[in-house]
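Structure first, then comments.
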Amino acid sequence: MIQNYIKIALRNIFRHRLFSLINIFGLALAIGICLLIILLVKDAYSYDKFHPEGERVYRLLTHADRKAGRSESYASSPFIMAQTLLEQMPQAEAWCPLVRTFNGELRLEGKAFDFGGMFAGPAFFDLFGFELAEGDPASALTEPNSIVLTDEMATRISKDTSPLGMVLEVGGYETPFRVTGVLKPFAGKTHLDFMALGSLSTQLALERMPDAYNITANWQNYYMTYNFLRLKSRADKEAVEAALNRIASAQYAGLELESRDAGYRFSLQPLAKITPGAQLSNTIGSGMPLFLIWFLAALGVILILSASFNYTNLTIARSFQRTKEVGVRKVLGATRGQVFGQFISEAVVMSLFALLLAYPIMKFARYEFEQLSIATSMDMRLEEDWQLYVLFLLFTLLVGFSAGLLPALALSRIRPGAILQKLQNTKLLQRIGLRKALITVQFTITLILLITMTIAWKQSTHAISVNFGFDKPSILVVELQGQPFEKAAAALGQVRGVENLSGISFPMGTWRDGSSDVRTESNAERTGVRDYDIDHRYLDQFGIELVAGENFPDNPAQQGELFAIVNETFVSQFNLGQASEAIGRPLILGDSTNVVIRGVVKDFPYKPAVYAMEPLLLRYNPAQWGVLNLGLSVGDTPATLAALENAWEKLAPDDPFQAQFFDQLVRENYDEPMDLVRVVLFFGILGMVIASLGLLGMVTYAVETRAREISIRKVMGASAVQIVLMLSKAYLLLFCIAAAIAIPVSFLLGNQMLQFFSDRISWSPGLFLPGVLLLMAVAALTVCSQTIRAALANPVESLRSE
Amino acid sequence: MIIKTNKLVRIYRTDEVETTALNQVDLEIAEGEFIAVMGPSGCGKSTLLNVLGMIDSPTGGEYFFNGEEIGKLPERKRSDIRKHNLGFVFQSFNLIDELTVFENIELPMLYTGIPADQRKKRVEELMEGMNIMHRRNHFPQQLSGGQQQRVAVARAVVNKPRLILADEPTGNLDSANGDEVMKILSELNAAGTTILMVTHSQFCAEFSNRIIRMLDGQVVTENVVRQYL
């Protein structure tokens, strides 16, 4: 019987080529994209599967409750919190802290190698499934100044001989490190992103030195350590979390917290739920966040629905021809289930054809997706295996089943006596034909995608262009990488083509910044304020306007800080009156730095546009100037850049020249959001293509079935224009209904999206018109391509054929 | 009696119109009879055929097939009786365009679950008998009307039904092909198959042993053409 179904399906596919092509191509587009999504989701769920007893391993999270009322969750937590838990809670069996201060540069025989790493506790090899190719896991991370390398890092450092036992210098550490282990290639993907591990005892030894910053005994430091705990089997996670919060209540009582924080809560996150998982601040490595998976899955479902609608629509439209066949089969003894099976088989065969085309589409889409910065930042190494192919096949079968479900149900319901029943009049709603409803849904979804994409695109480009630095394309931002500012400024400032320069701690307009606790008097409450350390040339170079007071004096040799410059929001938030009244007012920064306000700058967006306007504190501390801004003259920029690179090489031969134009730097903040916009645009266009294919099929069918009517009308005197209008007006009406639904829905979605930005675009018809006009034009072209052909045909042809 | 109806009624209802296609029809057909149903267009001939063929349900009255009241049976049960006992021949042949001659004839046996080797044997036997063997791999649209109707008749008898229902089997055929089909039906009847045929043609009706004339959904006269033995 199945053989018979498949035979009929194949013959139908080849006989009705246009309909088959429309269905197969539409389904292939949608399935291809969904295959990519399946690949991404499978990849996202492949992290950290190789740790033995990994189901008992948890990461300790911190939930910082802000004074402002919000709460922010961190992947990190205080070192001492986990240590105390291990001491007090017998259900916690093992603990491995990872402290993120171990990174920078490894040096061996004059060669330098950048690396990212962490200090890891000795339990590292006990808790995680990483294995050593060389070295002893029991002792590799016990002695101070021990270092364990990944196999990749080991090959970079010493290609031919094993680095085990070698002594490496690490930037920032006086005592060199001995290589005590080389890891095997990881048995699977992991969210732990490192190239080298230092022994935790190194950090503990450093903290014992005078004036050393303490991380491990610091209850307030919840952002430098990732604590991993293994609980005993049958341990009660809730009980451990309750113990954590009991410890927190006891330890934080009376302790001075960060100025923005009201308190902390702690919880345990299972290792398997880290990637993909909830979005947290201060995460270790890369991995697809859960929201992105849902976002992509939702877009994939929309495409699949749209392609399935085409199948449903065209099959139901053609059901008139098929009712005879169904009737005959039923008369000859076929049961409803057998007829249902036949139509489902046809849809499944169609979807399997689509799968053949979908696979290369997936390969292409995958290549394009991997180029996006959102993918590169997530370390996607998408791998294909037989399990994935089984998933692809199952998914395709499911799509075929879903697409064929409605026609199969409807056609199998036909009573054998009612062979000439016209199924295309099946009513979904009281007065709306099913086919019309499906076309309207397709138009609506496509329009929503196109309009929200337009809104997102315009908002993102607005966010980039509104940044104050955008009109300063000629400013080159040079990362000093620890080089003294004055020395670098002297070396690079004299290069031909450099017109002016300035210094700052971090480039504005990016995610990077510093912060200071600020008080206006000693007994006032501290408030955290974003700060930058700038020199006296910065405001002029970037054209930042002072509304009151003066710039910093030209005094780089100044040892103590005397002055601060603030923005207008700072003045109003600290109730300092008018800008001019704020001049001369004292501020206490941190514990004891006393400065006076020397100037007030006009508010300007110094952070990416997702931030609301906040108080800004500009300080003058030459030791903090880590970035050199070089204003280049208009002219031979490549030559200037080459000369600057040469000058840098003389200044710091071991460090690469890291420089970027300011506008490019600002733009990079939006790489990932812009990638999401591109993804939505891509899906919107695919949706449009699929909807247009469906429309093409429907119009072609309508024109075919109305050929006789068209001919009679022409014989009676109808003009070609009248015929085209007659055939097109129904679709125009559907389009108008779709637009009437899509525009308010897009407005609501767009409004939600804009809430993420502090500096928003204003609503205008220009946000809706491009999407509406584009879809309308494509739909009109599709409809007219068929209706004009019908209107211009010689009437006698279809009359004769009748 | 293979068929017995008692005040059989079939009413079609649309939003505004109610049409009584069968109005209190009482009918008895014995096994082995060849009945012709005649009457003007719209008199209810085809409706009677459809109801008796269990591809339409009566609105009222009773219908006994082989002594079993089937009017209220569910579709599944009726489908089961249909596929084992009835064969259909239509005016417009109603062959499936996507299937070859062989596959069209084979189709009813797929639904009765007959094994492939038996199916092949039976289909070939019929194709031989109907003189369409050389067309076995052709599709319906590649055949003449007469050939198509022979395929349809072969399909109707492939499961050896007790009753063949033929709705104007010669209506779309020229006289030579029409004669051929009537000859085949007569032979089947002679072999013991009961035949109920709707026709407009007096010539075709002469092949039967009883003619039922209908008007406005009612049986008005029954003429015995020749005594059924």
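The values are calculated or read from the model by the stated rules, or taken from the named source; none is laboratory data. These numbers were taken from a predicted model, which means no experiment stands behind them. Glycine gets a Cβ as well: all are built from the backbone with ideal geometry, and neighbour counts include every protein chain shown. Ligands, DNA and RNA are stripped out before the accessible areas are found, and what is left, the full protein with its side chains, is counted by its heavy atoms. Shrake-Rupley method; radii C 1.70, N 1.55, O 1.52, S 1.80 Å.
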Quick one: is residue B:161 within 13 Å of another protein chain (Cβ to nearest Cβ), under 22 Å from residue B:45 (Cα atoms) and touching a residue at least 60 places away in the same chain (Cβ under 8 Å)?
yes
Going through A:634, A:627 one at a time, which residue ends up being in contact (Cβ under 8 Å) with a residue 12 or more places away in the chain, more than 30 Å from residue A:305 (Cβ to Cβ) and crowded, with 17+ Cβ neighbours inside 10 Å?
A:627
Mind telling me which of the residues A:651, A:696 ends up being out of contact with any Asp or Glu (no Cβ under 9 Å at 6 or more places or on another chain) and buried (at least 19 other Cβ atoms within 10 Å of the Cβ)?
A:696
Verdict on residue A:398 being of a type in the set (A, V, I, L, M, F, W, C), assigned to a helix (DSSP H, G or I) and over 30 Å from residue B:84 (Cβ atoms):
yes
Which pairs do you get when a residue that is open to solvent by less than 10 Å² (accessible area, probe 1.4 Å), found in segment B:44-56, comes within reach of a residue that is assigned to a loop (DSSP other than H, G, I, E, B) and of a type in the set (Val, Ile, Thr), reach meaning Cβ atoms under 7 angstrom, with the pair 6+ apart or on two chains?
B:54/B:70
Residues located in segment B:167-190, provided they are in contact with a helix residue (DSSP H, G or I) (Cβ under 7 Å, 6 or more places away or on another chain), farther than 21 Å from residue B:97 by Cβ and not in a helix (DSSP H, G or I):
B:170
Among the residues of segment A:252-274, are any within 30 Å of residue A:392 (Cβ to Cβ) and surrounded by 19 or more Cβ atoms within 10 Å (Cβ to Cβ)?
yes
Subset tally (residues that are touching a Pro at 6+ places or on another chain (Cβ under 9 Å) and open to solvent by 10 Å² or more (accessible area, probe 1.4 Å)) for segment A:708-732
4
Applying the selection to segment A:82-120, what residues are within 21 Å of residue A:204 (Cα to Cα), among the small types (Gly, Ala, Ser) and more than 28 Å from the chain's Cα centre (by Cα)?
A:82, A:94, A:120
Exactly one of A:388, A:382, A:394, A:372 is more than 14 Å from chain B (Cβ to nearest Cβ) and open to solvent by 60 Å² or more (accessible area, probe 1.4 Å), and that residue is A:394
Would you be able to say whether some residue in segment A:280-301 is touching a Gly at 6+ places or on another chain (Cβ under 7 Å), under 30 Å from residue A:101 (Cβ atoms), away from chain B (no Cβ under 14 Å) and surrounded by fewer than 20 Cβ atoms within 10 Å (Cβ to Cβ)?
yes
So which of A:576, A:546, A:562 is open to solvent by 50 Å² or more (accessible area, probe 1.4 Å), free of Cβ contacts under 8 Å to residues at least 60 places away in the same chain, over 30 Å from residue A:669 (Cα atoms) and more than 36 Å from the chain's Cα centre (by Cα)?
A:562
Starting from segment A:39-50, take each residue that is under 16 Å from residue A:274 (Cβ atoms) and list its partners that are hydroxyl-bearing (Ser, Thr, Tyr) and surrounded by 21 or more Cβ atoms within 10 Å (Cβ to Cβ), counting only C-beta distances under 7 angstrom and pairs at least six apart or across chains.
A:44/A:275; A:47/A:190; A:47/A:275; A:48/A:190; A:48/A:275
Among the numbered conditions (1) among the hydroxyl-bearing types (Ser, Thr, Tyr); (2) assigned to a helix (DSSP H, G or I); (3) in contact with a strand residue (DSSP E or B) (Cβ under 9 Å, 6 or more places away or on another chain), tell me where residue A:351 comes up short.
(3)
Residue B:81 versus (1) farther than 18 Å from residue B:196 by Cα; (2) open to solvent by less than 20 Å² (accessible area, probe 1.4 Å); (3) without any contact (Cβ under 8 Å) to a residue 40 or more places away in the chain: which is the lone unmet condition?
(1)
Where the second residue is modelled with pLDDT under 80 and open to solvent by 70 Å² or more (accessible area, probe 1.4 Å) and the first is more than 17 Å from residue A:629 (Cα to Cα) and lies in segment A:649-674, which pairs have Cβ atoms under 8 Å and are six or more apart or on separate chains?
A:655/A:482; A:669/A:511
With the requirement that a residue be hydrophobic (A, V, I, L, M, F, W, C), under 24 Å from residue A:274 (Cα atoms), open to solvent by 20 Å² or more (accessible area, probe 1.4 Å) and not in a loop (DSSP other than H, G, I, E, B), what does segment A:200-243 give you?
A:239, A:242
The strands (runs of 3 or more DSSP E) lying wholly within segment A:541-636 that contain at least 2 residues that are closer than 23 Å to residue A:759 by Cα and out of contact with any Cys (no Cβ under 7 Å at 6 or more places or on another chain) are A:546-549, A:563-567, A:593-601, A:616-619
List the pairs whose first member sits in segment A:142-158 and is under 20 Å from residue A:121 (Cβ atoms), whose second member is of a type in the set (Lys, Arg), and whose Cβ atoms are under 9 Å apart, counting only residues at least 6 apart or on separate chains?
A:143/A:178; A:145/A:178; A:146/A:178; A:147/A:178; A:149/A:156
Among the residues that make up segment A:710-723, is at least one of them more than 27 Å from residue A:770 (Cβ to Cβ), in a helix (DSSP H, G or I) and either under 42 Å from the mean Cα position of the chain (by Cα) or of a type in the set (Lys, Arg) (or both)?
yes
What do you reckon, is residue A:129 open to solvent by 10 Å² or more (accessible area, probe 1.4 Å) and in a strand (DSSP E or B)?
no
(1) within 30 Å of residue A:34 (Cα to Cα); (2) modelled with pLDDT under 80; (3) under 33 Å from the mean Cα position of the chain (by Cα): which one isn't true of residue A:701, the others all being true?
(3)
Lone unmet requirement of (1) open to solvent by less than 50 Å² (accessible area, probe 1.4 Å); (2) touching a residue at least 24 places away in the same chain (Cβ under 8 Å) for residue B:73:
(2)
If residue A:552 satisfies every condition in (1) under 23 Å from residue A:262 (Cβ atoms); (2) of a type outside the set (D, E, K, R); (3) open to solvent by less than 40 Å² (accessible area, probe 1.4 Å) but one, which is the exception?
(1)
Where in segment A:1-102 are the strands (runs of 3 or more DSSP E), entirely inside, with at least 2 residues that are farther than 26 Å from residue A:374 by Cα and either within 14 Å of chain B (Cβ to nearest Cβ) or in contact with a Phe, Trp or Tyr (Cβ under 8 Å, 6 or more places away or on another chain) (or both)?
A:57-66, A:92-99
Exactly one of these conditions fails for residue B:24: (1) over 15 Å from residue B:214 (Cα atoms); (2) open to solvent by 60 Å² or more (accessible area, probe 1.4 Å). Give me its number.
(1)
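Of the residues that sit in segment B:103-130 and are of a type in the set (Gly, Ala, Ser) and modelled with pLDDT under 90, which one is nearest to residue A:2 (Cα to Cα)?
Within segment B:103-130, the subset of a type in the set (Gly, Ala, Ser) is B:113, B:116, B:129.
Cutting the leftovers down to modelled with pLDDT under 90 gives us B:113, B:129.
Numbers: B:113: 13, B:129: 29 Å.
Going through the qualifying residues, I end up with B:113.
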